[in-house]
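Note sheet for the following structure.
The values are calculated or read from the model by the stated rules, or taken from the named source; none is laboratory data. Remember, predicted model here, so these are calculated numbers, not experimental data. Note that we place each Cβ from the backbone using ideal geometry, even for glycine, and neighbour counts take in every protein chain shown. The accessibility values were calculated without ligands, DNA or RNA, using every heavy atom of the protein model including side chains. Shrake-Rupley method; radii C 1.70, N 1.55, O 1.52, S 1.80 Å.
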Amino acid sequence: MSVVRCITKLPVCRIEGTVVHGFKRGSTLLDCPTANICTDHIQDAIKGFKKGVYYGWASLHGTVYKMVANIGVNPSFGNEHISVEVHLLHEFSQDFYDENLKVLILGSIRTESKFSSLDELKTAIHEDCGIAEKLLDDQEYSSYKSDSFFMG
């Protein structure tokens, strides 16, 4: 079961849920594999969330990684349901379906957009990752890597 706790100051939002199978577009089409969090139980909570690309930290198996997340409907692909797709800025040798993922959102990079081509979308995604890398190295955001949300 997924849980969402949104607040008005840093961190912006905490999301916890099980990694589920998605459309595999991140890993096959976009060179950016994502961990899709089950949103069955949080659709109402994320419905009012501003659709877009976010940055922050995510914990998997007790290790905390930089992350970029898309929360929205993926307008370039015409999805109907809001999804939470998290790209951990780390190379993994295997999938981690059915594992618990904790996501701490610290800020927004851009609003969700419809792109005219896959290349345009891939370029934007890689720029988003670069922005997140730099921001999360900043002391204002790096301290959240040890947030109590990730403990326990």
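Points worth noting:
- Ordering 115, 150 by accessible surface, largest first, gives 115, 150; the 1.4 Å probe counts only protein heavy atoms, with every chain in place.
- Averaging the sequence gap over all C-alpha pairs within less than 8 Å and six or more residues apart, then dividing by the number of residues, gives the chain a relative contact order of 28 percent.
- Phi-derived couplings, Karplus 6.51 cos²θ - 1.76 cosθ + 1.60 at θ = phi - 60°, listed residue by residue for region 81-89: 9, 6, 10, 10, 10, 10, 9, 7, 7 Hz, with x used for Gly and Pro.
- Label-zone membership for region 14-48, site residue 73, 7 angstrom Cα→C-beta point, backbone N under 16 Å: 43-48
- Net charge dipole size for region 5-152 [Lys, Arg +1 and Asp, Glu -1 on Cβ; Debye, nearest 20]: 400
- Of 50/114; 47/134; 24/66, pairs whose Cα-Cα distance is over 26 Å: 47/134
- For residue 131, solvent-accessible area (1.4 Å; no DNA, RNA or ligand), Å²: 70
- Within a Gaussian network of the chain (alpha carbon springs, distance under 10 Å), most fluctuating of 85, 120, 99: 120
- Proximity of backbone amide H atoms, modeled 1.01 Å from N, is registered between residue 56 and 67, 106 at under 5 Å, excluding neighbours fewer than 5 places apart on the same chain.
- The string of couplings for region 65-75 from the Karplus curve (6.51, -1.76, 1.60, θ = phi - 60°) is 10, 5, 8, 10, 10, 10, 10, x, 10, 6, x Hz, one whole number per residue in order, with x for Gly and Pro.
- Comparing 58, 45, 69 in a Gaussian network model of the chain (Cα springs below 10 Å), the most mobile by mean-square fluctuation is 45.
- Vicinal HN-Hα couplings computed from phi for region 130-138 (Karplus, 6.51 cos²θ - 1.76 cosθ + 1.60; Hz; Gly/Pro x): x, 4, 4, 3, 5, 4, 6, 7, 5
- Most mobile listed residue (101, 29, 89) in the chain, GNM with C-alpha springs under 10 Å: 29
- Förster radius 41 Å - calculated FRET efficiency between residue 117 and residue 137, Cβ distance, rounded to 0.05: 0.85
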